[in-house]
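Written out below as structure tokens is the structure these notes cover.
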Amino acid sequence: MLNVGQLNDGIVLDHIAAGKSMDIYSYLNLDKLDCQVAIIKNAKSRKMGKKDIIKIEGGLDIVDLDVLGYIDHKITVNLIKNGKLNDKKILHLPKTIKNIIHCKNPRCITSVEQELPHIFHLSSESEHIYRCLYCEEKHK
């Protein structure tokens, strides 16, 4: 059994679908942080079979919950204070996401006006479909 040290103050991202932890690492820009980050891949889980876990030293302000909600709204965000579980955050699909995904439509204004933010709105919660604010292109 692998044993990863206890986190004194920070965030534990739990119930990540197996193999998705590196995507989350990239989306959250965790490589740019000056803190400890532990990634546990393919951990055994009674609920999921296998799962990934990410432990991040530091406060909740370093994690964008909208990014996590977009990637997988079933992830559990556990806040740890003084070595104990202090709070749990439940994620939801964000209604609007900004500069997380980019519009692929070559006729979209964002392909011409490079400084425009890429904004997508949730158009179908049941199907997890986001559409570009400017051209209504569906993100795939």
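The values are calculated or read from the model by the stated rules, or taken from the named source; none is laboratory data. What you are looking at is a predicted structure, and each value in this text was computed from that prediction instead of being measured. When we count neighbours, we look across all protein chains shown, and the Cβ atoms used for this are built from the backbone with ideal geometry, even at glycine.
Of the conditions (1) of a type in the set (Asp, Glu); (2) surrounded by fewer than 13 Cβ atoms within 10 Å (Cβ to Cβ); (3) farther than 17 Å from His139 by Cα, Asp64 fails just one. Which one is it?
Result: Asp64 fails condition (2) only.
Here are some residues: Leu85, Leu122. Which one is of a type outside the set (S, T, N, Q), over 13 Å from the mean Cα position of the chain (by Cα), assigned by TED's automatic domain parsing to the domain that holds Ala17 and part of a strand (DSSP E or B)?
Leu85
Just one of Lys47, Lys89 is under 14 Å from Val12 (Cβ atoms) and free of Cβ contacts under 8 Å to residues at least 40 places away in the same chain; which is it? Quick ask: steps written out before the conclusion?
On the way: Lys47 fails: under 14 Å from Val12 (Cβ atoms).
Just a single option satisfies the conditions, and that option is Lys89.
Please determine, by comparing only the residues of segment 15-64 that are acidic (Asp, Glu) and closer than 17 Å to Lys89 by Cα, which one is farthest from the chain's Cα centre (by Cα). Working first, answer last.
Start the filter on segment 15-64 by keeping residues that are acidic (Asp, Glu), which leaves 23, 31, 34, 52, 57, 61, 64.
Cutting the leftovers down to closer than 17 Å to Lys89 by Cα gives us 57, 61, 64.
Working: Glu57: 16, Asp61: 13, Asp64: 7 Å.
Looking at residues that are acidic (Asp, Glu) and closer than 17 Å to Lys89 by Cα, I get Glu57.
In segment 65-82, which residues are in a loop (DSSP other than H, G, I, E, B), more than 11 Å from the chain's Cα centre (by Cα) and basic (Lys, Arg)?
none
For segment 106-121, give me the residue count where each residue is in contact (Cβ under 8 Å) with a residue 12 or more places away in the chain, surrounded by 15 or more Cβ atoms within 10 Å (Cβ to Cβ) and out of contact with any helix residue (DSSP H, G or I) (no Cβ under 6 Å at 6 or more places or on another chain).
Total satisfying the criteria: 4.
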